[in-house]
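Visitor: Below you'll find the structure I mean.
The values are calculated or read from the model by the stated rules, or taken from the named source; none is laboratory data. Everything numeric here is computed off the predicted structure, so don't read it as measured data. FYI the Cβ positions are ideal-geometry reconstructions off the backbone, even for glycines, and counts take in every protein chain you see. Accessible surface areas use protein heavy atoms only, side chains included; no ligands, DNA or RNA. Shrake-Rupley method; radii C 1.70, N 1.55, O 1.52, S 1.80 Å.
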Amino acid sequence: MSSGLLGPPQNFELDSFQVDAIAHLDAGRSVVVAAPTGSGKTFVAEHAIATARNAGRRALYTTPIKALSNQKFSDLRSWLGADDVGLLTGDNSINGDATSVVMTTEVLRNMLYAEPERLATTDFVIMDEVHYLQDNFRGPVWEEVIIHLPDHIRLVALSATVSNADELAAWITDVHGECVAVTEKTRPVRLINSYAIAEKGSSRQHLIPTLVKKRPNPEGRRFDPAPSRRGRQRRQGPPQKRPWRTPRRHEVIEELDRRGLLPAITFIFSRAGCEDAVSQLRSAGVRLTDDDGARLIGEVIERRTGHLSDADRRALGYSGWVAGLKAGIGAHHAGIVPIFKETVEELFAAGHLKAVFATETLALGINMPARTVVIEKLSKFTGEHHEPLSPGDYTQLTGRAGRRGIDDQGHAIVLWTPFTTFDEIVGLARSTSFELRSAFRPTYNMTCHLVSRYTRQQAELLVGQSFGQFQTNRAITQLESRRDHLVAELARVDGGDVSTQDASTAAAIAEAVAKVRPGDVLELAGSVVVLSSTWRRKEFKLKVLDREGQVHVLDLESLHQPPRTIGQIRLPDPFNPNSTSHQHDLVGQLRGVKSRKGKKSKRSSESKRDPSSPWQGTAASDARRELRRVEARITERRGRLNDRFKAVVGILTELGYVENWMLTEHGTRLLSTFHELDLAISESIRAGHLDGHDPATLAGLVATFVFEPRRNVEDSPDWFPNKSTKQSVHGIVACVNEVQRLESAYGLPATRDVDPGLFAATYGWASGGGLGDILGDEELSGGDFVRSMKQVIDVLSQVAVIAPSSETRTAARQAIEMIQRGIVDAPGPIEVV
């Protein structure tokens with residue numbers, strides 16, 4: 001960069017992927033940069049910021065979460081100075097007209113719709129953690145931004161885990177402008193994968209490498225749980241007991257300390273588990289700091305939290321939290337209030353904390369690298385069921401391991417459990433695949449904006465430009481190729497008798513399939529894993545799973561040659577062949593099994609049909625059945641997004657938001673309603689259910705849209721201050737029910753239910769209640785309460801603009817002032833100099 005011009009801070013030699021990405025930006029292109037965590041993707045973004053600033057233009061930096069926005073805001077201020085950096089997150093609005101502004105993606109989306117003129121002087125938009133666009137709820141916002149972004153703006157999309165970056169770049173090229181994928185697969189710090197096992201009745205632990213010379217460690221399988229005997233000959237005598245157990249948390253940390261592998265982040269997929277881990281280490285007497293370290297930690301804690309009242313400290317369990325931190329141990333999860341989480345982040349980044357127990361939210365972009373990452377289990381609870389970690393999850397979590405410039409290597413350690421086999425761990429450690437899939441869908445708010453700005457034809461074209469439709473079109477092309485092949489095969493089958501097999505071949509097939517067992521990997525027009533095999537009344541049925549996750553049921557007539565076993569996958573115990581989670585796990589392992597290459601007999605080669613042919617059978621009727629299925633899938637995929645858009649327009653028209661492709665007064669109000677329940681909120685305002693209430697009651701009513709119980713609990717009577725309030729809650733529920741009824745009629749997924757479970761807590765807080773009373777009565781965590789109150793404030797700020805009643809608008813503004821106090825309004829890192 002020329003002398004006198006601003007450049008990003010640099011004290012290292014650029015890697016080749018950074019050089020390539022910067023060259024594409026300088027040539028006027030957008031880039032998708034996919035590189036491991038800690039490899040320096042942010043330097044490419046900083047180059048874009050410097051380029052814009054040197055030209056007297058602006059750059060916008062978007063992130064998926066407010067915590068990451070706050071951190072990036074602090075980083076940029078350290079580089080550029082406070083006057084040249086702004087922050088817009090909904091919670092904070094600081095210097096929004098600065099040359100460099102950090103914001104959540106939703107804020108940028110809203111700006112595109114409401115104030116597009118503010119983007120006239122912007123040259124770059126950086127989208128950090130771009131793989132977030134596959135998030136079911138918030139992901140579509142990312143696609144909206146990319147589709148609607150003015151042509152003169154270049155994109156810098158960053159992700160640590162995307163393996164189909166070329167596809168994403170190709171889509172951006174189609175809808176926005178020339179974009180190039182720049183990928184780097186080599187980690188800046190080498191990763192060592194290990195497996196930790198403890199012995200029953202002993203404190204002894206085994207820590208073995210998962211891979212040896214990039215191959216599975218042959219020692220690993222000896223620690224596997226006892227295999228299922230289902231489908232196998234019963235052994236004589238009692239079952240063999242395994243002498244292994246899961247290492248205790250304090251044992252793991254003490255072993256890592258002994259080996260010099262701290263600091264460590266242990267990922268536990270439950271908030272309670274994180275808190276329990278800190279308590280267990282304290283009870284075991286683990287201390288990872290000296291007196292000087294504890295003193296420094298205390299100074300940071302006091303600086304961060306000194307403003308808290310004694311009552312708030314008691315309500316938040318302050319003394320126990322401080323004791324853990326001073327011992328070098330902390331927890332990090334969404335149930336902790338923001339100032340506590342931010343304190344943990346600062347202490348860990350400064351090297352004061354040696355062990356942090358965290359949920360997976362910590363893996364999303366926050367700058368907390370460690371020497372070691374420990375993963376307790378390879379499955380997590382989604383709120384409804386347990387599902388296995390995907391290769392992308394594993395890559396994201398272990399991306400924290402290894403501090404660039406400090407560690408020669410990082411360590412990822414998986415703990416032994418009786419529910420996980422060594423092969424499953426190997427599959428994740430070796431996998432590099434994380435394919436980004438679109439979650440795009442037309443929302444009510446988005447549709448109103450399309451109606452307000454475009455013709456019907458233009459709006460349908462824009463919906464068709466989504467990444468979801470782009471991926472669908474590619475899938476359709478593959479299906480069309482499959483259809484053409486089936487048509488050709490049918491012509492060949494109809495021309496001759498291929499429904500019978502040579503007797504010797506049939507005998508060989510029958511002999512081979514008799515030896516097949518669940519878990520065997522077979523070579524059948526590509527590798528498949530056997531889910532089950534049954535003989536009933538001399539009829540054979542083989543259920544197999546292919547590498548694409550499709551299940552096929554075969555019989556003897558379906559097989560054209562004896563199946564060849566090329567490997568075996570250890571099945572979960574117990575194993576349910578119909579379980580989608582089990583099947584998902586098997587697909588990941590199946591993709592890691594390579595076909596054995598060897599000479600095939602002449603008979604085998606002659607009897608094998610076209611390798612692209614399915615195993616649905618030799619009769620023409622089988623091919624015709626598959627042809628019908630393929631054609632149905634082509635038709636269904638072609639119309640999926642467009643049909644959904646038309647259904648949304650239909651609902652908005654039926655409710656009076658759209659008329660003759662123009663927005664009504666109600667539709668104009670919906671333009672400024674940004675929430676998951678946008679239509680339900682608008683309908684409730686329209687029906688007057690938020691009118692005529694004092695500020696505290698209005699805040700409680702708004703909380704019914706925000707609150708989502710974390711688990712199913714026994715129903716308890718909801719409290720309301722008066723009959724009028726109760727009637728308003730019932731009215732809100734009725735509005736939601738009507739929206740859900742229409743969605744069912746139009747074939748759309750149903751809007752989620754509202755829940756008045758947070759009404760009393762919100763009303764109490766807005767009325768001046770103490771934090772201890774609120775948390776004690778409602779069994780809320782401090783973090784959940786603060787986050788919910790900020791969401792209530794966000795919706796109230798919209799009500800203060802869109803409510804037809806001036807009294808309601810005034811009450812909404814007053815409610816915001818009443819809620820925004822104490823721990824809800826606690827200063828974050830941006831106020832600390």
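Per-residue answers, yes or no, for (1) open to solvent by less than 30 Å² (accessible area, probe 1.4 Å); (2) over 15 Å from the mean Cα position of the chain (by Cα); (3) aromatic (Phe, Trp, Tyr):
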site	(1), (2), (3)
392	yes, no, no
400	yes, yes, no
405	no, yes, no
408	no, yes, no
417	yes, yes, no
426	yes, yes, no
435	no, no, no
439	yes, no, no
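Visitor: What is the one condition in (1) surrounded by 19 or more Cβ atoms within 10 Å (Cβ to Cβ); (2) under 30 Å from residue 476 (Cα atoms) that residue 642 does not satisfy?
Guide: (1)
Visitor: I would also like to ask the following. Which pairs do you get when a residue that is at negative phi and in contact (Cβ under 8 Å) with a residue 12 or more places away in the chain, found in segment 133-153, comes within reach of a residue that is β-branched (Val, Ile, Thr) and part of a loop (DSSP other than H, G, I, E, B), reach meaning Cβ atoms under 8 angstrom, with the pair 6+ apart or on two chains?
Guide: Taking only residues 6 or more apart or on different chains, the pairs are 140/443.
Visitor: Which one of the conditions (1) modelled with pLDDT of 95 or more; (2) open to solvent by 50 Å² or more (accessible area, probe 1.4 Å) does residue 219 fail to meet, given that it meets all the rest?
Guide: Single failed check for residue 219: (1).
Visitor: Quickly run through segment 119-153 and pick out the residues that are under 14 Å from residue 69 (Cβ atoms), at pLDDT below 90 and part of a loop (DSSP other than H, G, I, E, B).
Guide: Matches in segment 119-153: 129, 138.
Visitor: Quick one: residue 726 ticks every box in (1) open to solvent by 70 Å² or more (accessible area, probe 1.4 Å); (2) at pLDDT below 90; (3) assigned to a helix (DSSP H, G or I); (4) not β-branched (Val, Ile, Thr) bar one, so which box is it?
Guide: Checking residue 726 against (1) open to solvent by 70 Å² or more (accessible area, probe 1.4 Å); (2) at pLDDT below 90; (3) assigned to a helix (DSSP H, G or I); (4) not β-branched (Val, Ile, Thr), the one that fails is (2).
Visitor: Tally up the residues in segment 379-401 that are at pLDDT 80 or above, outside any helix (DSSP H, G or I) and hydroxyl-bearing (Ser, Thr, Tyr), please.
Guide: 2
Visitor: Got a number for residues in segment 554-571 being at pLDDT below 80 and of a type in the set (Gly, Ala, Ser)?
Guide: Residues flagged as at pLDDT below 80 and of a type in the set (Gly, Ala, Ser) within segment 554-571 amount to 1.
Visitor: Same structure again: Checking residue 750 against (1) without any contact (Cβ under 8 Å) to a residue 12 or more places away in the chain; (2) in a helix (DSSP H, G or I): exactly one of these is not met. Which one?
Guide: Going through the list (1) without any contact (Cβ under 8 Å) to a residue 12 or more places away in the chain; (2) in a helix (DSSP H, G or I), residue 750 breaks only (2).
Visitor: Could you check segment 673-689 and list, in sequence order, the residues that are open to solvent by 50 Å² or more (accessible area, probe 1.4 Å) and either of a type in the set (Phe, Trp, Tyr) or not in a helix (DSSP H, G or I) (or both)?
Guide: Listed by number, the residues that qualify are 676, 687.
Visitor: Of everything in segment 116-127, what is surrounded by fewer than 22 Cβ atoms within 10 Å (Cβ to Cβ) and either in contact with a Lys or Arg (Cβ under 7 Å, 6 or more places away or on another chain) or acidic (Asp, Glu) (or both)? Give them in sequence order.
Guide: Hits for segment 116-127 are 117, 121, 122, 123.
Visitor: Same structure again: Hey, among 212, 145, 130, which residue is open to solvent by 10 Å² or more (accessible area, probe 1.4 Å) and of a type in the set (Val, Ile, Thr)?
Guide: 212
Visitor: Out of the residues in segment 729-749 that are surrounded by fewer than 15 Cβ atoms within 10 Å (Cβ to Cβ) and hydrophobic (A, V, I, L, M, F, W, C), state the one that is modelled with the lowest pLDDT.
Guide: 745
Visitor: Within segment 223-257, how many residues are surrounded by 13 or more Cβ atoms within 10 Å (Cβ to Cβ) and at pLDDT 65 or above?
Guide: Number satisfying all stated conditions: 18.
Visitor: Has segment 305-321 got any residue that is in contact (Cβ under 8 Å) with a residue 12 or more places away in the chain, within 17 Å of residue 351 (Cβ to Cβ), open to solvent by less than 40 Å² (accessible area, probe 1.4 Å) and not aliphatic (A, V, I, L, M)?
Guide: Among the residues of segment 305-321, not one is in contact (Cβ under 8 Å) with a residue 12 or more places away in the chain, within 17 Å of residue 351 (Cβ to Cβ), open to solvent by less than 40 Å² (accessible area, probe 1.4 Å) and not aliphatic (A, V, I, L, M), which makes the answer no.
Visitor: Which one of the conditions (1) touching a helix residue (DSSP H, G or I) at 6+ places or on another chain (Cβ under 8 Å); (2) buried (at least 20 other Cβ atoms within 10 Å of the Cβ); (3) at pLDDT 90 or above does residue 39 fail to meet, given that it meets all the rest?
Guide: Going through (1) touching a helix residue (DSSP H, G or I) at 6+ places or on another chain (Cβ under 8 Å); (2) buried (at least 20 other Cβ atoms within 10 Å of the Cβ); (3) at pLDDT 90 or above one by one, residue 39 breaks only (3).
Visitor: I would also like to ask the following. Within segment 51-71, which residues are at pLDDT 85 or above, open to solvent by 10 Å² or more (accessible area, probe 1.4 Å) and not charged (D, E, K, R)?
Guide: If the condition is that a residue be at pLDDT 85 or above, open to solvent by 10 Å² or more (accessible area, probe 1.4 Å) and not charged (D, E, K, R), then 51, 54, 55, 56 are the ones that fit.
Visitor: Related question: Among the residues of segment 170-186, is any on the phi < 0 side of the Ramachandran plot, touching a Leu at 6+ places or on another chain (Cβ under 6 Å), modelled with pLDDT of 90 or more and acidic (Asp, Glu)?
Guide: Taking every residue of segment 170-186 in turn, none turns out to be on the phi < 0 side of the Ramachandran plot, touching a Leu at 6+ places or on another chain (Cβ under 6 Å), modelled with pLDDT of 90 or more and acidic (Asp, Glu).
Visitor: Still on this structure: Go through 466, 438, 452, 481 for me and flag whichever is over 30 Å from residue 210 (Cα atoms), modelled with pLDDT of 90 or more and among the small types (Gly, Ala, Ser).
Guide: 452
Visitor: Still on this model: Conditions first: (1) surrounded by 21 or more Cβ atoms within 10 Å (Cβ to Cβ); (2) more than 28 Å from residue 88 (Cα to Cα); (3) polar (S, T, N, Q); (4) within 32 Å of the chain's Cα centre (by Cα). Residue 704 passes all but one, so which condition is the exception?
Guide: It is condition (2) that residue 704 fails.
Visitor: Contact list please: Cβ distance under 8 Å, first residue in segment 32-53 and aromatic (Phe, Trp, Tyr), second residue assigned to a helix (DSSP H, G or I), pairs at least six apart or on different chains.
Guide: Within 8 Å, the pairs are 43/18.
Visitor: How about segment 358-378: which of its residues are polar (S, T, N, Q) and either out of contact with any helix residue (DSSP H, G or I) (no Cβ under 8 Å at 6 or more places or on another chain) or at pLDDT below 80 (or both)?
Guide: Those that are polar (S, T, N, Q) and either out of contact with any helix residue (DSSP H, G or I) (no Cβ under 8 Å at 6 or more places or on another chain) or at pLDDT below 80 (or both): 361, 367.
Visitor: Quick one: count up the residues across segment 89-115 that are open to solvent by less than 30 Å² (accessible area, probe 1.4 Å), at pLDDT 85 or above and among the polar types (S, T, N, Q).
Guide: So the count comes out to 3.
Visitor: For segment 167-209, give me the residue count where each residue is in a helix (DSSP H, G or I) and open to solvent by less than 40 Å² (accessible area, probe 1.4 Å).
Guide: The qualifying residues number 7.
Visitor: Sticking with this structure for a sec: Looking at the structure I just gave you, is residue 297 surrounded by 22 or more Cβ atoms within 10 Å (Cβ to Cβ) and either assigned to a helix (DSSP H, G or I) or among the basic types (Lys, Arg) (or both)?
Guide: Spelling it out, residue 297 is indeed surrounded by 22 or more Cβ atoms within 10 Å (Cβ to Cβ) and either assigned to a helix (DSSP H, G or I) or among the basic types (Lys, Arg) (or both).
Visitor: Just for segment 291-304: of the residues that are in contact (Cβ under 8 Å) with a residue 12 or more places away in the chain and charged (D, E, K, R), which one is nearest to residue 772 (Cα to Cα)?
Guide: Here the residue is 304.
Visitor: Give the residues of segment 750-772 that are in contact with a helix residue (DSSP H, G or I) (Cβ under 7 Å, 6 or more places away or on another chain), surrounded by fewer than 18 Cβ atoms within 10 Å (Cβ to Cβ) and of a type outside the set (Gly, Ala, Ser), sorted by residue number.
Guide: Scanning segment 750-772 gives 753, 755.
Each row is one residue, and each column tells you yes or no for (1) more than 26 Å from residue 171 (Cα to Cα); (2) out of contact with any helix residue (DSSP H, G or I) (no Cβ under 6 Å at 6 or more places or on another chain).
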{"site": "52", "(1), (2)": "no, yes"}
{"site": "96", "(1), (2)": "yes, yes"}
{"site": "107", "(1), (2)": "no, yes"}
{"site": "123", "(1), (2)": "no, no"}
{"site": "131", "(1), (2)": "no, yes"}
